[in-house]
Amino acid sequence: MIYDSFKPEDTFLVAEKMGQSVQPGQVICLNGDLGVGKTLFSQGFAKGLGIEDGVNSPTFTIVQQYDEGRIPLYHFDVYRIEDSEEMEEVGFQDMIYGDGVCLIEWANLITDILPEHYIEVSIEKDLEKGFDYRRILVQHI
């Protein structure tokens, strides 16, 4: 699926709807350049799960767990990891195959340890369509 987002609220709503429909055990891989709206997408996704707490990218902690939604959310930001083996230190395997949903920012950096099936969300800018325009591509892998 391809979604056109012309303002941040559009991106938030796409993510919120996705959060409303995900099921336990699903893995969402979120990719895109710096500043495309991955954190905003994560906030909308969390809202769709019923999480009201503030959600920010866990850049320095690698993972943040939220339990107050309809299913647990394991929110990863792997931008700063140097090697996929670092993910074992934060319990990646337990979370990825657990009872929650995993949302992984910068997932393209750890493709070697991703499960066989996941949902990939790519967010891209297109300045010809406007400063706030984002193309959101969602595909099942």
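Picking from 17, 38, 129, which is most flexible by a Gaussian network model of the chain using Cα springs under 10 Å? Among 17, 38, 129, the largest GNM mean-square fluctuation belongs to 129.
May I ask you to give the percent of accessible area on the range 47-141 that is carbon plus sulfur, with a probe radius of 1.4 Å? In the range 47-141, the share of accessible area belonging to carbon and sulfur is 44 percent. Between the C-alpha center of the range 62-98 and that of the range 118-141 there is a gap of 23 Å. Surface exposure of the range 23-98, expressed per residue as accessible area with a 1.4 Å probe, stands at 48 Å². Would you mind checking the tilt of helix 8-21 against the longest principal axis of the Cα atoms of the chain, expressed as 0 to 90 degrees and rounded to 10? The angle comes out at about 40 degrees. Assuming a ≥ b ≥ c are the square roots of the Cα gyration tensor eigenvalues, decide whether the range 46-132 counts as rounded (a/c under 1.5), prolate (otherwise, with a/b larger than b/c) or oblate. Cα axes put the range 46-132 in the oblate bin. Name the longest site-free stretch of the chain, where the excluded sites are GluC sites (Glu not before Pro) in a DSSP loop with no more than 14 other beta-carbon atoms within 10 Å. Segment 1-51 is the longest. Here the gap between residue 79 and residue 135, fully extended at 0.36 nm per residue and compared with their Cα-Cα distance, gives a gain of 18.0 nm. Here the chain carries DSSP beta bridges of which approximately 55% are antiparallel, counting only pairs with both residues inside.
Relative to the longest principal axis of the Cα atoms of the chain, helix 38-48 runs at roughly 80 degrees.
At an R0 of 41 angstrom, the distance between the Cβ atoms of residue 65 and residue 128 translates into a FRET efficiency of 0.55.
The values are calculated or read from the model by the stated rules, or taken from the named source; none is laboratory data. Keep in mind the model is a prediction, meaning the values are calculated, not measured. Reconstructed Cβ throughout: ideal geometry from the backbone, glycine too, with neighbour counts over all protein chains shown. Side chains included, ligands, DNA and RNA excluded: accessible areas come from the protein's heavy atoms. Shrake-Rupley method; radii C 1.70, N 1.55, O 1.52, S 1.80 Å.
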